[in-house]
Amino acid sequence: MCGIVGYIGHRDAYPIILNGLKRLEYRGYDSAGVALYDGTGIQMAKTKGKVADLEAKVNAEITPNGSLGIGHTRWATHGVPNDINSHPHYSNSGDLVIIHNGIIENYGSIKKELINRGYTFKSDTDTEVLVNLIEEIKKKEKVKLGKAVQIALNNVVGAYAIAVFDRNKPDEIVVAKLGSPLAIGIGENEFFVASDATPFIEFTNNAIYLEDEEMAIIRLKKGVKVRKIKDDSLVDPYIQELKLNIEQIEKGGYDHFMLKEIYEQPEVIKDTYRGRLLAKQGIIKMAGLEENMSKFVNANRIIIIACGTSWHAGLVAEYIFEEWARIPVEVEYASEFRYRNPIITDKDVVIAISQSGETADTLAAIKLAKQKGALVYGVCNVVGSTISRETHSGSYTHAGPEIGVASTKAFTTQITVLTMIALRLADVKGTMSKSDYMMHLRELEMIPDLVAAALKSEDKIKEIAKIFKDASNFLYLGRGYNFPVALEGALKLKEISYIHAEGYPAAEMKHGPIALIDEQMPVVVIAVNSNHYEKVVSNIEEIKARKGKIIAVVTEGDTVVKELADYVMEVPATPESLSPLVTTIPLQLLSYHIAVMLDKNVDQPRNLAKSVTVE
Ligand code: M6R
């Protein structure tokens with residue numbers, strides 16, 4: 001859960017690395033560092049803090065030079081965030097320098113062994129142990145850097161994406177991957193290394209994504225050689241042509257990526273269903289689903305595994321799959337699922353949802369489900385991500401890069417994919433009437449317009465944010481399809497404003513949380529026109545009777561809740577089953593504006609990172 005960047009070529013490495021680190025900062029931002037080969041030796045600067053702090057340190061301490069370098073932005077695992085624990089790390093001789101994303105689990109025993117052999121350590125990190133292990137092997141076995149890396153990695157347990165170079169051989173970088181992503185950008189007489197392709201997209205569209213247990217030796221003159229770490233066999237790498245463009249990874253005039261991504265939703269929801277949903281013809285076609293149709297249709301159960309916001313999208317899917325396709329669904333936190341001994345058979349279909357496609361818990365849960373014989377279907381955003389490759393089949397969400405740590409467009413596009421799957425299954429199984437099916441297709445096609453309409457309430461939501469920004473707690477309530485939206489609304493507020501918030505099914509309130517309600521407690525209630533409308537109105541009355549402050553998400557034209565609530569945020573009418581795609585919009589905007597008013601770092605909230613690639 002860190003970002004790594006490397007460059008070897010004919011340009012100045014530092015600006016490329018610095019810019020790359022800025023783009024990868026979503027992966028971790030508690031410290032950063034850079035090491036450059038300047039023609040005679042290695043220059044290094046590293047610091048606790050963000051990439052901007054690194055930039056200031058570099059300006060103050062070194063004159064960055066050279067066409068070979070590596071850089072790192074960290075989310076601490078071993079050792080607190082401080083200057084010393086920041087990457088890159090030197091080996092004891094000062095010859096080797098390394099950056100690492102991942103965890104070396106058996107670093108303790110290796111460290112002891114190295115200390116016995118006279119090695120000393122400055123940091124508390126597992127990474128400094130790894131670079132010294134490589135150095136020890138290189139000296140003892142009298143082998144080249146690449147070979148030493150390979151032997152070392154065969155002796156470690158854990159996960160890694162690493163880049164390492166030797167100041168005595170400044171024409172090569174050695175990289176390797178297991179569990180953490182690593183892309184190699186191939187330019188004209190230049191090569192880039194990064195956790196994803198964003199750091200090099202303006203230089204080249206050609207990239208190799210290393211597979212797990214692969215390493216590459218990148219030589220300036222000889223190009224890239226990919227090998228299997230286990231048996232040293234040569235691999236013929238697939239060079240992928242990237243579709244990413246630079247606008248997609250910049251803020252485009254918005255103050256924050258999160259706001260840009262909230263506003264992208266009408267467009268990206270269209271991208272999600274483009275070519276897959278033909279409403280007039282009554283067609284939904286998703287290649288991965290069609291290939292596995294009989295497995296889905298005959299499934300005993302669908303088990304959905306995911307974490308965080310993706311788990312909330314899974315909960316929405318539980319309602320629609322059961323309602324429309326009449327297939328029993330269980331939604332599990334991947335982190336719990338992986339450590340139980342779940343009962344899964346080859347009659348189950350597992351759907352793994354992940355924006356990044358790199359979440360370690362989800363990945364481990366996928367491996368377990370595969371071992372037990374289930375078909376595993378991925379719903380991922382990042383093309384070529386580990387989860388998209390580990391799953392048997394799947395559908396991409398096509399949301400484009402989501403850089404704000406708080407997921408927004410990932411959530412709505414995941415629900416869009418899952419909705420299409422559920423509708424297609426309902427059609428094939430005949431569990432939904434043709435007219436209902438056609439109506440849902442038409443309504444789904446209209447969702448982007450309704451999301452755009454919901455976004456128009458931003459000014460009003462800003463006013464509400466101003467009134468409640470200093471509250472210490474929030475409750476979020478919803479029923480049915482909108483219960484997961486309540487959970488998601490609470491998560492959004494927590495993670496970017498650091499205000500405690502809880503989501504609850506509205507009717508559960510009376511079983512406990514009602515005790516929390518007093519005149520200080522804002523309660524956000526999703527009260528759109530639905531099957532549960534009257535019941536939610538009763539819940540609102542209960543809150544009012546205890547002087548709680550009601551902020552209600554209502555359907556345009558609502559009068560009843562408008563009378564009762566202290567504040568309302570209106571959304572256009574949709575069928576209840578599709579309403580999460582719209583009701584989530586005001587909640588995203590509410591948390592965004594509260595966080596901005598509290599002067600929080602919206603795109604990079606404390607302690608978090610975009611993809612959680614550790615347990
Ligand atoms: O990349 P994934 O969808 O697998 O990530 C799962 C969670 O880590 C993620 O949704 C997290 O909860 C977000 N920060 C929520 O906004």
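The values are calculated or read from the model by the stated rules, or taken from the named source; none is laboratory data. All values reported here derive from a predicted model rather than from experimental measurement. Glycine also receives a Cβ, built like all others from the backbone with ideal geometry; neighbour counts cover every protein chain displayed. Only protein heavy atoms, including side chains, enter the accessible area calculation; ligands, DNA and RNA are left aside. Shrake-Rupley method; radii C 1.70, N 1.55, O 1.52, S 1.80 Å.
Side notes on the structure shown:
- For the chain, with +1 on Lys and Arg beta carbons and -1 on Asp and Glu, the positive-most of ILE62, MET439, VAL523 along the dipole: ILE62
- Per atom type, the chain shows carbon and sulfur on 48% of its accessible surface, probed at 1.4 Å.
- The length gained by stretching the chain between ILE246 and ASN189 to full extension, at 0.36 nm per residue less their Cα-Cα distance, is 18.3 nm.
- Its DSSP H runs of at least 4 residues, each contributing -39,500 (n - 2.57), put the calculated 222 nm mean residue ellipticity of the chain at -11000 deg cm²/dmol, to the nearest 500.
- Within the full protein context, the accessible area of ARG227 is estimated at about 70 Å² for a probe radius of 1.4 Å.
- Of ALA334, GLY6, ILE283, farthest towards positive along the dipole that unit charges on Lys, Arg, Asp, Glu beta carbons give the chain: GLY6
- Karplus-derived 3J(HN,Hα), 6.51/-1.76/1.60, for each residue of the range 337-345, Hz, glycine and proline x: 3, 5, 9, 8, 10, x, 8, 9, 10
- Cross-link pairs beyond the 30 Å C-alpha cut-off, checked among LYS228/LYS492; LYS139/LYS228; LYS251/LYS535: LYS228/LYS492; LYS251/LYS535
- The Cβ shell under 11 Å around ILE496 holds other residues with a net charge of +2, Lys and Arg each +1, Asp and Glu each -1.
- The largest accessible area among ILE304, ILE186, ILE283 belongs to the first residue in ILE283, ILE186, ILE304, and the rest follow in falling order (1.4 Å probe, all chains).
- A straight chain from ASN206 to ARG606 at 0.36 nm per residue would run longer than the Cα-Cα distance by 140.6 nm.
- Near ARG389: Cβ cut-off under 10 Å, other residues only, Lys/Arg at +1 and Asp/Glu at -1. The net charge is -3.
- Using only side-chain charges placed at the Cβ, +1 for Lys and Arg and -1 for Asp and Glu, the dipole size of the range 201-337 relative to its Cα centre rounds to 540 debye.
- Cα shape, the range 200-274, gyration tensor, a/c 1.5 rule: prolate
- Leading residue at positive end of dipole, the range 179-299 (Cβ point charges), from ASN298, TYR238, GLY187: ASN298
- About the centre of its Cα atoms, the chain shows a dipole size close to 1180 debye [charges on the beta carbon of Lys, Arg (+1) and Asp, Glu (-1) only; nearest 20 debye].
- Take every pair of alpha-carbon atoms less than 8 Å apart whose residues are at least six positions apart; their mean separation over the length of the range 506-615 yields a relative contact order of 20 percent.
- Taken about its Cα centre, the range 508-552 carries a charge dipole of about 60 debye when Lys and Arg each add +1 at the Cβ and Asp and Glu each add -1 at the Cβ.
- Looking at the range 7-73, the accessible area is 34 square angstrom per residue; that uses a 1.4 Å probe and ignores ligands, DNA and RNA.
- Length-normalised contact order of the range 1-125 in % [C-alpha pairs under 8 Å, at least 6 apart]: 29 percent
- Per-residue extension of 0.36 nm, minus the Cα-Cα distance of ASN531 and LYS222, leaves a gain of 104.6 nm for this segment.
- Counting only whole DSSP H helices of the chain, the ones at least 27 Å long by C-alpha along their axis and with mean Kyte-Doolittle hydropathy no lower than -0.5 are 409-429, 434-455.
- For the range 466-615: rounded, prolate or oblate by the Cα gyration tensor [a/c cutoff 1.5]: prolate
- The range 462-565: GluC sites (Glu not before Pro) in DSSP loop, at most 10 other beta carbons within 10 Å: GLU519
- Cα→Cβ-extended label distance, 7 Å offset, between GLU323 and LYS347, nm: 2.8 nm
- Separation of the ARG117 and LYS370 label points, Cα + 7 Å toward Cβ, nm: 3.3 nm
- Across the protein chains, with a 1.4 Å probe defining accessible surface, the residues LYS494, LYS434, LYS57 rank LYS434, LYS494, LYS57 from largest area downward.
- Cα-projected label distance for LYS142 with GLU615, points at 7 Å along beta-carbon direction, nm: 4.1 nm
- Euclidean distance between Cα centres, the range 309-347 to the range 182-238, Å: 36 Å
- Chymotrypsin sites (Phe, Trp or Tyr not before Pro) lying in DSSP loop within the range 238-269, provided at most 12 other Cβ fall within 10 Å: TYR238
- Rounded, prolate or oblate (a/c below 1.5 giving rounded, otherwise prolate when a/b exceeds b/c) for the range 381-519 by Cα gyration tensor: prolate
- Positive minus negative residues near GLN414 (Lys, Arg vs Asp, Glu; Cβ under 12 Å): -1
- The range 544-615: trypsin sites (Lys or Arg not before Pro) in DSSP loop, at most 12 other beta carbons within 10 Å: LYS547, ARG606
- Here the Karplus curve 6.51 cos²θ - 1.76 cosθ + 1.60, taken at θ = phi - 60°, turns the phi angles of the range 231-237 into couplings of 10, 6, 5, 6, 10, 8, x Hz, with x standing for Gly and Pro.
- Rolled with a 1.4 Å probe across the full set of protein chains, the surface gives SER395 an accessible area near 10 Å².
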